[in-house]
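Let me begin by presenting the structure, written as structure tokens, before commenting on it.
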Amino acid sequence: MSVAIVDYGSGNLHSAQKAFERMARERGLNAPVLVTADPDVVRKADRIVLPGVGAFADCKRGLVGVPGMVEAMTEAVRGRGRPFLGICVGMQLMAGRGLEKETSAGLGWVPGDIDLIRPADPALKIPHMGWNTLDVTRDHPVLAGIPTGPKGLHAYFVHSYHLTATAADVVLAEAAYGTRVTAMIARDTMVGTQFHPEKSQTIGLSLIGNFLEWRP
Amino acid sequence: MTFKIRIIPCLDVKDGRVVKGVQFVDLIDAGDPVEAAKAYDAAGADELTFLDITASSDDRRTMFDVVTRTAEACFMPLTVGGGVRTVEDIRALLQSGADKVSINTAAVNDRAFVGRAADKFGDQCIVVAIDAKKVSGEGEADRWEIFTHGGRKPTGIDAVAYAREVVALGAGEILLTSMDRDGTKSGFDLKLTRAIADSVPVPVIASGGVGTLDHFVEGVRDGGATGVLAASVFHFGTFTIGEVKRHMQTAGLPVRMDGIAV
């Protein structure tokens with residue numbers, strides 16, 4: 001089984017690669033983890049990961065700027081149902097539109113906009129930066145064995161925008177931050193995390209391990 | 001409160017080694033920043049900050065290596081600062097495994113750099129480090145100014161106005177150090193922290209002056225910080241991360257206790 005981490009000039013690729021390699025080892029999987037800008041490698045991969053750090057529009061331009069990459073990802077994930085994990089802006093890019101700094105189109109794999117977090121309590125700071133627990137809306141294999149809810153483990157968030165106006169069945173987990181912040185999404189063979197699993201110690205590594213073992 | 005206060009150990013790194021000294025029990029090499037980072041990761045720190053105090057560009061490559069090796073071993077958030085001057089510096093640090101970069105002097109010299117960096121990498125990844133010193137005299141209204149060069153060089157820039165300005169340009173977080181308190185163990189400058197925290201909508205990390213467990217609580221409760229950063233009290237083992245968190249929890253502040261024995 002091969003894992004392709006899409007390199008489009010954005011994201012902490014090195015951290016993501018190391019986290020996936022570690023969990024492949026811990027779960028006893030023979031899974032080379034490739035950081036790649038080659039659409040053919042992505043097309044043939046058994047798992048596809050889209051990381052992302054930065055502004056939505058800038059990341060989208062970077063992704064479109066890799067010739068053939070969006071087509072390869074779409075074919076593998078939407079066409080052939082390869083398991084996909086979007087991380088932070090990588091998850092946001094799955095949406096229809098991003099409204100950060102400028103309005104730009106996402107991949108349109110899930111409905112909704114990436115809009116500013118608007119906590120009811122004005123004392124809450126934006127970015128939503130730090131550790132928060134997950135309120136899960138339903139079971140999902142990538143969450144197997146992970147303690148969630150107010151007494152559960154914390155995940156690391158660092159973002160000002162999140163997915164809104166989406167279909168209710170898309171949202172897999174939320175975080176409370178003066179409003180409901182979309183923390184995880186899932187549809188078909190796709191999963192997205194607004195937090196950074198590769199930076200979330202135990203909870204993040206468990207989720208990555210589960211994603212590697214997921215057979216949708 | 002639904003968010004958790006962040007406890008952030010800071011490691012000053014020079015030529016690939018931790019300076020100011022680190023004294024951990026069971027640490028094979030206390031001067032290796034990666035070993036120190038691993039110890040803090042295991043201890044339940046919420047983030048780590050590396051401050052590169054190296055001058056030459058050759059040694060800067062050593063810092064990238066430190067960040068790379070840390071990111072391979074520690075799956076936790078990492079902020080790196082010191083000598084960040086260009087968009088390329090930021091890109092290289094992020095590619096090495098940093099999650100946020102901290103800009104100090106370069107932002108004082110060229111405010112627009114903050115905007116360029118935030119447009120490129122997102123506000124959430126741009127920390128502006130402010131070193132401030134009280135300049136108002138006895139009986140005057142409180143006033144703090146920005147100092148550069150480790151607190152030696154005055155700039156005449158008002159700290160509160162500067163914080164507002166860099167946040168408007170895209171800084172996603174302020175790392176606020178009181179030069180008056182740094183190293184004194186007499187507690188954070190709470191008036192300064194409160195003045196900045198009340199002036200900007202982004203998180204403020206209090207730094208400079210922690211000496212007791214109560215100081216951590218005060219920085220949040222009285223200063224309005226959402227993160228507290230300290231160096232020597234952690235390095236020398238005065239307090240563990242767990243002790244600080246338990247103390248804050250007892251004081252009614254929300255902290256993340258994952259992996260920490262209650």
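The values are calculated or read from the model by the stated rules, or taken from the named source; none is laboratory data. Everything quoted here is computed from the prediction, not taken from an experiment. As a convention, Cβ positions derive from the backbone with ideal geometry for all residues, glycine included, and neighbour counts pool all protein chains shown. Just so you know, the surface numbers come from the protein's heavy atoms only, side chains and all, with ligands and any DNA or RNA stripped out. Shrake-Rupley method; radii C 1.70, N 1.55, O 1.52, S 1.80 Å.
For the stretch B:222-242, which residues satisfy the criterion of being more than 14 Å from chain A (Cβ to nearest Cβ) and in a loop (DSSP other than H, G, I, E, B)?
Scanning the stretch B:222-242 gives B:D222, B:A231, B:F236, B:G237, B:T238, B:F239, B:T240.
Per-residue answers, yes or no, for (1) open to solvent by 10 Å² or more (accessible area, probe 1.4 Å); (2) within 11 Å of chain B (Cβ to nearest Cβ):
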{"position": "A:M1", "(1), (2)": "yes, no"}
{"position": "A:A16", "(1), (2)": "no, yes"}
{"position": "A:L29", "(1), (2)": "yes, no"}
{"position": "A:T36", "(1), (2)": "yes, no"}
{"position": "A:V42", "(1), (2)": "no, no"}
{"position": "A:M69", "(1), (2)": "no, no"}
{"position": "A:V77", "(1), (2)": "no, no"}
{"position": "A:G86", "(1), (2)": "no, no"}
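From the residues in the stretch A:197-216 that are within 9 Å of chain B (Cβ to nearest Cβ) and open to solvent by 10 Å² or more (accessible area, probe 1.4 Å), which one is nearest to the chain's Cα centre (by Cα)?
Taking the candidates together, the pick is A:L205.
Would you mind listing the strands (runs of 3 or more DSSP E) fully within the stretch B:77-188 where at least 2 residues are over 25 Å from B:A37 (Cβ atoms) and at pLDDT 95 or above?
Working: elements: B:78-81, B:100-103, B:126-134, B:144-148, B:153-158, B:173-178.
Per the criteria, B:126-134, B:144-148, B:153-158.
Can you pull out the residues in the stretch B:209-221 that are in contact with a strand residue (DSSP E or B) (Cβ under 8 Å, 6 or more places away or on another chain) and assigned to a loop (DSSP other than H, G, I, E, B)?
B:G209, B:V210
Can you pull out the residues in the stretch B:31-56 that are assigned to a loop (DSSP other than H, G, I, E, B) and either touching a residue at least 40 places away in the same chain (Cβ under 8 Å) or under 21 Å from B:M257 (Cβ atoms) (or both)?
Of everything in the stretch B:31-56, those that are assigned to a loop (DSSP other than H, G, I, E, B) and either touching a residue at least 40 places away in the same chain (Cβ under 8 Å) or under 21 Å from B:M257 (Cβ atoms) (or both) turn out to be B:G44, B:A45, B:D46, B:E47, B:I53, B:T54.
Considering only the stretch A:178-195, how many residues are within 12 Å of chain B (Cβ to nearest Cβ) and open to solvent by 10 Å² or more (accessible area, probe 1.4 Å)?
So the answer is 3.
Filter the stretch B:189-201 down to residues that are in a loop (DSSP other than H, G, I, E, B) and surrounded by 24 or more Cβ atoms within 10 Å (Cβ to Cβ), then give me how many there are.
Total satisfying the criteria: 1.
The rows are residues; the columns are (1) among the polar types (S, T, N, Q); (2) part of a helix (DSSP H, G or I); (3) over 20 Å from B:I5 (Cβ atoms).
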position: A:F157; (1), (2), (3): no, no, no
position: A:L163; (1), (2), (3): no, no, yes
position: A:L172; (1), (2), (3): no, no, yes
position: A:V181; (1), (2), (3): no, no, no
position: A:I185; (1), (2), (3): no, no, yes
position: A:E198; (1), (2), (3): no, yes, yes
position: A:I203; (1), (2), (3): no, yes, no
position: A:I208; (1), (2), (3): no, yes, yes
position: A:P216; (1), (2), (3): no, no, yes
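Would you point out the residue of the stretch B:60-78, among those that are open to solvent by 10 Å² or more (accessible area, probe 1.4 Å) and either hydroxyl-bearing (S, T, Y) or within 9 Å of chain A (Cβ to nearest Cβ) (or both), that is farthest from B:K120 (Cα to Cα)?
B:A73
Find the helices (runs of 4 or more DSSP H) located wholly in the stretch A:23-129 whose residues include 1 or more that are over 22 Å from A:H162 (Cα atoms), and list them.
Numbers: elements: A:39-44, A:56-64, A:69-74, A:89-92.
Result: A:39-44, A:69-74.
Checking the condition open to solvent by 50 Å² or more (accessible area, probe 1.4 Å) and modelled with pLDDT under 95, which residue from B:T212, B:T238, B:T250 passes?
Numbers: B:T212 fails: modelled with pLDDT under 95; B:T250 fails: modelled with pLDDT under 95.
One residue alone meets the criteria, B:T238.
Take A:I146 and tell me if it is among the hydrophobic types (A, V, I, L, M, F, W, C), touching a helix residue (DSSP H, G or I) at 6+ places or on another chain (Cβ under 7 Å) and more than 9 Å from chain B (Cβ to nearest Cβ).
yes
Between a residue in the stretch B:149-161 that is surrounded by fewer than 16 Cβ atoms within 10 Å (Cβ to Cβ) and any residue that is part of a strand (DSSP E or B), which pairs come within a Cβ distance under 7 Å, given they are 6 or more apart or on different chains?
Going by the 7 Å Cβ cut-off, the qualifying pairs are B:K153/B:F147; B:P154/B:E145; B:P154/B:F147; B:G156/B:E145.
Check whether at least one residue in the stretch A:121-128 is open to solvent by 20 Å² or more (accessible area, probe 1.4 Å) and away from chain B (no Cβ under 13 Å), and report yes or no.
no
Being under 28 Å from A:N210 (Cβ atoms) and out of contact with any Lys or Arg (no Cβ under 9 Å at 6 or more places or on another chain) is the filter; apply it to the stretch A:93-106 and report the residue that is surrounded by the fewest Cβ atoms within 10 Å (Cβ to Cβ).
A:G96
Quick check on the stretch B:109-142: of everything there that is open to solvent by 20 Å² or more (accessible area, probe 1.4 Å) and among the hydrophobic types (A, V, I, L, M, F, W, C), which residue is nearest to the other protein chains (Cβ to nearest Cβ)?
Step by step, filter the stretch B:109-142, then rank; the result is B:A112.
For the list (1) assigned to a strand (DSSP E or B); (2) at the interface with another protein chain (Cβ under 10 Å from one of its Cβ atoms), I need the number of the one condition that A:G152 fails.
A:G152 satisfies every listed condition except (1).
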